[in-house]
Amino acid sequence: MQREAAEIREEWLGWALSTLPADRPAAEAAISGLYRLIGLAPPRFHWVSSPVAALTTVPPGVRLRPSETAERMSDWPLPPRFSSLMRQLCRELDAQVRWVHQPMDQLIRQKVRSSLSQSANGSLFMALRAAHDVRYHLGNGWYGTQCVSWVAHYDALRRAAGVVFTSEQTRRFELWAAVARSCGWWWPREGVCVISERPVAVHTEVCGDDGEVRLHRADGPAMRYADGCDVHAWHGTQVPSWVVTDPNVRRIGRETNVEVRRCAIEHIGWTSYIDQAGLRLVSSAPDPGNPGSELRLYDMRKETRVLLAVNGSVERDGRRRRYGLTVPGFFDDPIAAAGWTYGLSAEQYSLLLRRT
């Protein structure tokens, strides 16, 4: 059962991260079917090359209302109707899960749905964040409805757990599944639907025990669309292009975003960064819980110091990662600084590490 669920998860992850050209006839037919389910005639379709293009261009012949801008997607009239349609289908399919299926449903929710949801957050949603100029809760609105995780969940229930759907439920479900298999993101309006092509390149790394992935590429954009819209990512964190293409001490010094600065330093390597930046060593001490490793405390910038440590656990490549943590500038003792990062005193940190 677990193996079959994992195979279905990988199948849908493959569709989610596909770089194949969209199957436009299949996508348009399925979306037309969804329009009919909410009582509307099939729309005219306007294809674009990326989510950025979708949110910055107006389809020919369309005059947008003030409420139909990208910043006000929660006010658009059609996405909530489609989301309601999806939720109604989910309630019906959940009702098909009898008590005998519940243990399998729980397993599938963890191994398939949760895993794919995390993978989407760590990869596909980054292109949407790049496309939106304002903060938008991607997972809670229209984009969450389009996430492949819920489609894969019910597909796994049907194929791996033996849950039986009615013919009408199957018909509606297959419309959503067909869209997920055939194109990128889409934005419905009355009379016209904008659909994005898939990216032409996606680079990910495995980051979880259940096959979760996240965007990462050390020598170029982790996601690229045909129109040149790029997303750069460092181990799942979206970063400016310079972090990947030209990280240097000068740019790092000017960067105000802590996460971006951390990624750039990791790309250079903490040891190299400390040497290049000329950071002064304040003090060092053996790491109590990591034999053979050392805690090193450096001056970094005004009222801030950096604690350099070695990860206690082994990474997927078999190595122990060296990492830095910023701490307040009043620390002179690296063990006390390490304890502070856990909310502990130096004594508590040393004892805790000895026990682990």
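The values are calculated or read from the model by the stated rules, or taken from the named source; none is laboratory data. Everything numeric here is computed off the predicted structure, so don't read it as measured data. Positions of Cβ are generated from backbone atoms using ideal geometry, with glycine treated the same way; all protein chains shown enter the neighbour counts. These area figures cover heavy atoms from the full protein model, side chains too; ligands, DNA and RNA do not enter into them. Shrake-Rupley method; radii C 1.70, N 1.55, O 1.52, S 1.80 Å.
List of remarks:
- Extending 7 Å from Cα along the Cβ direction at residue 106 and again at residue 81 yields two label points whose distance is 4.0 nm.
- Heavy atoms of residue 284 accessible to a 1.4 Å probe, total area in Å² rounded to 10: 50 Å²
- The DSSP beta bridges internal to the chain are antiparallel in roughly 85% of cases.
- The length gained on full extension between residue 344 and residue 257, counted as 0.36 nm times the residue separation minus their Cα-Cα distance, comes to 28.7 nm.
- Distribution of pairwise C-alpha distances over the chain, 10 Å bins, in %: 5, 20, 25, 21, 16, 10, 3, 0
- Computed E for residue 325/residue 20 - FRET, C-beta separation, R0 35 angstrom, nearest 0.05: 0.25
- Each of 285, 245, 169 was placed along the dipole of segment 159-312 (beta-carbon charges, centred on the mean Cα), and the one lying farthest toward the positive end is 245.
- The radius of gyration of the Cα set in segment 211-310, together with its Dmax, comes out at 15.9, 52 angstrom.
- The accessible-area ordering, largest first, of the residues 205, 7, 174 stands as 7, 174, 205, per a 1.4 angstrom probe.
- For the chain, a crude dipole built from +1 on the beta carbon of Lys and Arg and -1 on the beta carbon of Asp and Glu, taken about the Cα centre, is about 440 debye to the nearest 20.
- The length gained by stretching the chain between residue 166 and residue 201 to full extension, at 0.36 nm per residue less their Cα-Cα distance, is 8.8 nm.
- Surface per residue (accessible, 1.4 Å probe) for the chain, Å²: 49 Å²
- Assigned charges on the beta-carbon of Lys, Arg, Asp, Glu; segment 239-296 dipole about Cα centre (debye): 240 debye
- Modelled spin labels at residue 311 and residue 333, positioned 7 Å past Cα toward Cβ, are 2.9 nm from each other.
- Ordering 83, 74 by accessible surface, largest first, gives 74, 83; the 1.4 Å probe counts only protein heavy atoms, with every chain in place.
- Measuring between their Cα centroids, segment 1-38 and segment 155-181 lie 11 Å from each other.
- Carbon and sulfur %, accessible surface of the chain computed with the full protein complex present, 1.4 Å: 49 percent
- Net charge of the neighbourhood of residue 87, taken over other residues with C-beta under 13 Å away and scored Lys/Arg +1, Asp/Glu -1, is +1.
- Farthest positive-ward along the chain dipole, Cα basis, beta-carbon charges - from 160, 183, 8: 183
- Ligands, DNA and RNA excluded, the heavy atoms of residue 342 present near 150 Å² of accessible surface to a 1.4 Å solvent probe.
- For the residues 229, 147, a 1.4 Å probe over the protein chains yields an accessible-area ranking, largest first, of 229, 147.
- Modelled spin labels at residue 301 and residue 219, positioned 7 Å past Cα toward Cβ, are 3.1 nm from each other.
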